[in-house]
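Peer 1: Please find one structure pasted underneath; my questions will follow.
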Amino acid sequence: MAMIRGIPSDSYKELPKYFYMLEHTNPGTVTKLHKSEDGCFLYAYVLLYASIKGWEHCRPIMVIDGSFLKAAYKGIILTACTQDGAVDSENNKSWEWFFVQIKGTFGNVKRTFKKHHKQLKDIFFALARAYTIEKFKYHMTVMCKINPTVQPYLFEIGYERWSRAYSKVKMSMVMTSNIAESINAANKDVEQQKQKSAMETSTELGEKYDKLLRENLIASEQMTVRPATGQLYTVFEGVRRTIVCLEEGTCSCGKFQMDELPCPYAWAVLKNQQLKPGQYCSFYYKKDKLLRTCEFPVNPMPDESLWVIPTEVLEDVVLPPKGRRNIGRPRKERLKPASEKESKKAFSCSVCGQGGHNRKTCRNRPK
């Protein structure tokens with residue numbers, strides 16, 4: 001294996017040369033290498049120029065994730081990603097935001113409340129995903145029936161830190177504060193807005209978001225709209241009422257402002273006012289934005305035999321990190337979670353064939 005892959009400790013001394021060639025092959029790339037005072041490796045940072053330029057055309061949301069390294073020299077690899085308009089990207093902004101919040105929250109719930117943690121996990125996810133306070137309270141009631149001590153624990157953490165429903169309360173407060181301004185502007189001429197929207201014949205969204213938009217359109221078919229002010233509308237779905245403000249791009253359901261895509265209620269208002277949906281969609285979902293995220297290529301590295309490395313880079317010595325070996329014999333097999341463990345087979349008595357005992361304790365032995 002050493003002949004094929006090399007020795008792990010020797011790979012650290014190659015980092016200065018590799019980083020130099022990476023920046024040389026892809027100008028604008030940023031690399032950083034941090035060592036301890038005695039020259040041992042501590043941290044490394046790499047950001048390709050193509051990613052830097054592509055970020056300019058992605059939604060300004062960044063998700064950080066970490067994964068433990070289990071090689072000879074342990075550590076953590078941290079990655080940062082964002083959301084573009086690609087078909088295979090995450091569902092929407094709320095999912096990305098959601099996973100960032102639950103990473104620090106549910107892990108604590110699982111460690112603190114080990115009993116029934118599998119049931120609590122599913123309910124917690126439903127709590128975090130709920131768009132409305134009413135739905136949140138419903139799932140919280142179910143959780144309290146399983147373990148009533150979880151609610152005060154989550155309350156102490158702060159619902160707004162991990163719950164989608166409570167995080168939009170602040171946005172709803174902003175929306176409410178703007179109602180007075182909307183009422184004062186009730187007589188404002190909206191024809192200019194209609195004419196501007198009518199000129200846009202296509203949303204030009206990527207395939208994924210165009211599909212979501214069509215699904216929301218279908219869901220809005222049975223809704224009716226009643227104008228309240230110039231930009232404030234009440235949408236009725238049966239006996240349920242929802243408030244939509246086109247000027248602010250908000251809806252009391254929470255989806256319009258969070259997804260930056262017309263929800264079914266916003267769609268009902270747009271149809272009622274004969275407006276096009278394009279201007280109410282995030283421009284990060286447009287096809288041209290998607291193409292520009294991949295506009296800059298990542299140039300391949302030349303063969304190592306062709307590298308021309310400056311002397312100061314060659315003299316930069318990086319020693320392997322100071323690892324600490326675990327006590328005891330190294331484990332040959334990984335620890336399997338409960339989901340992968342084979343269930344124990346039910347045993348039965350070899351004399352009478354019944355379960356729950358063996359032949360030594362059998363009371364059904366024939367006399």
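The values are calculated or read from the model by the stated rules, or taken from the named source; none is laboratory data. Nothing here was measured: the structure is a model prediction, and the numbers come from that model. All Cβ positions, glycine included, derive from the backbone under ideal geometry; neighbour counts span all protein chains shown. Side chains are part of the model used for accessible areas, which takes the heavy atoms of the whole protein and leaves out ligands, DNA and RNA. Shrake-Rupley method; radii C 1.70, N 1.55, O 1.52, S 1.80 Å.
Peer 1: Please count how many residues of the stretch 1-58 are over 22 Å from GLU304 (Cα atoms) and part of a loop (DSSP other than H, G, I, E, B).
Peer 2: 7
Peer 1: Filtering the stretch 244-261 down to residues that are under 21 Å from LYS211 (Cα atoms) and free of Cβ contacts under 8 Å to residues at least 40 places away in the same chain, which residue is surrounded by the most Cβ atoms within 10 Å (Cβ to Cβ)?
Peer 2: CYS251
Peer 1: Find all pairs meeting these conditions: Cβ atoms under 9 angstrom apart; at least six residues apart or on different chains; first residue within the stretch 118-133 and touching a residue at least 40 places away in the same chain (Cβ under 8 Å); second residue assigned to a loop (DSSP other than H, G, I, E, B) and open to solvent by 40 Å² or more (accessible area, probe 1.4 Å).
Peer 2: THR132/SER252
Peer 1: A further question follows. Can you name the residue in the stretch 22-45 that is touching a Leu at 6+ places or on another chain (Cβ under 7 Å) and of a type in the set (Val, Ile, Thr) and is also surrounded by the fewest Cβ atoms within 10 Å (Cβ to Cβ) among such residues?
Peer 2: Restricting to residues being touching a Leu at 6+ places or on another chain (Cβ under 7 Å) and of a type in the set (Val, Ile, Thr), the top hit is VAL30.
Peer 1: Separate question: Are any of the residues in the stretch 92-108 at pLDDT below 65, charged (D, E, K, R) and either in contact with a Cys (Cβ under 7 Å, 6 or more places away or on another chain) or open to solvent by 70 Å² or more (accessible area, probe 1.4 Å) (or both)?
Peer 2: Checked against the condition, which is being at pLDDT below 65, charged (D, E, K, R) and either in contact with a Cys (Cβ under 7 Å, 6 or more places away or on another chain) or open to solvent by 70 Å² or more (accessible area, probe 1.4 Å) (or both), the stretch 92-108 yields at least one hit.
Peer 1: Here is a follow-up. Give the residues of the stretch 125-164 that are farther than 20 Å from LYS115 by Cβ and in a helix (DSSP H, G or I), sorted by residue number.
Peer 2: Residues satisfying the conditions are ALA128, ARG129, ILE133, GLU134, LYS135, PHE136, LYS137, TYR138, TYR159, GLU160, ARG161, ARG164.
Peer 1: Answer with yes or no whether LYS53 is at pLDDT below 80 and either open to solvent by 40 Å² or more (accessible area, probe 1.4 Å) or of a type in the set (Phe, Trp, Tyr) (or both).
Peer 2: For LYS53, the condition - at pLDDT below 80 and either open to solvent by 40 Å² or more (accessible area, probe 1.4 Å) or of a type in the set (Phe, Trp, Tyr) (or both) - is not met.
Peer 1: In this structure, does PRO264 turn out to be modelled with pLDDT of 85 or more and of a type outside the set (A, V, I, L, M, F, W, C)?
Peer 2: yes
Peer 1: What are the pairs, 6+ residues apart or on separate chains, where a residue within the stretch 274-299 that is within 30 Å of MET21 (Cβ to Cβ) has its Cβ under 9 Å from a residue that is part of a helix (DSSP H, G or I) and basic (Lys, Arg)?
Peer 2: ARG292/LYS53; THR293/LYS53; GLU295/LYS53; PHE296/LYS53
Peer 1: Further question: Quick check on my filter: what residues within the stretch 219-231 are exposed (fewer than 13 other Cβ atoms within 10 Å of the Cβ) and within 12 Å of ALA266 (Cα to Cα)?
Peer 2: GLU221, THR224
Peer 1: Also: Select from the stretch 204-215 the residues that are surrounded by fewer than 21 Cβ atoms within 10 Å (Cβ to Cβ), of a type outside the set (A, V, I, L, M, F, W, C) and touching a residue at least 12 places away in the same chain (Cβ under 8 Å) and list them in ascending order.
Peer 2: Across the stretch 204-215, the qualifying residues are GLU204, GLU207, LYS208.
Peer 1: Could you look through the stretch 262-275, keep only residues that are touching a helix residue (DSSP H, G or I) at 6+ places or on another chain (Cβ under 9 Å) and open to solvent by 10 Å² or more (accessible area, probe 1.4 Å), and pick out the one that is nearest to GLU215 (Cα to Cα)?
Peer 2: Among residues in the stretch 262-275 that are touching a helix residue (DSSP H, G or I) at 6+ places or on another chain (Cβ under 9 Å) and open to solvent by 10 Å² or more (accessible area, probe 1.4 Å), the one nearest to GLU215 (Cα to Cα) is PRO264.
Peer 1: Within the stretch 64-72, does at least one residue satisfy the condition of being charged (D, E, K, R), assigned to a strand (DSSP E or B) and either on the phi > 0 side of the Ramachandran plot or at pLDDT below 90 (or both)?
Peer 2: Looking through the stretch 64-72, at least one residue is charged (D, E, K, R), assigned to a strand (DSSP E or B) and either on the phi > 0 side of the Ramachandran plot or at pLDDT below 90 (or both).
Peer 1: Could you list, in sequence order, the residues of the stretch 56-78 that are closer than 30 Å to LYS287 by Cα, of a type in the set (A, V, I, L, M, F, W, C) and open to solvent by less than 90 Å² (accessible area, probe 1.4 Å)?
Peer 2: Passing the criteria: CYS58, ILE61, VAL63.
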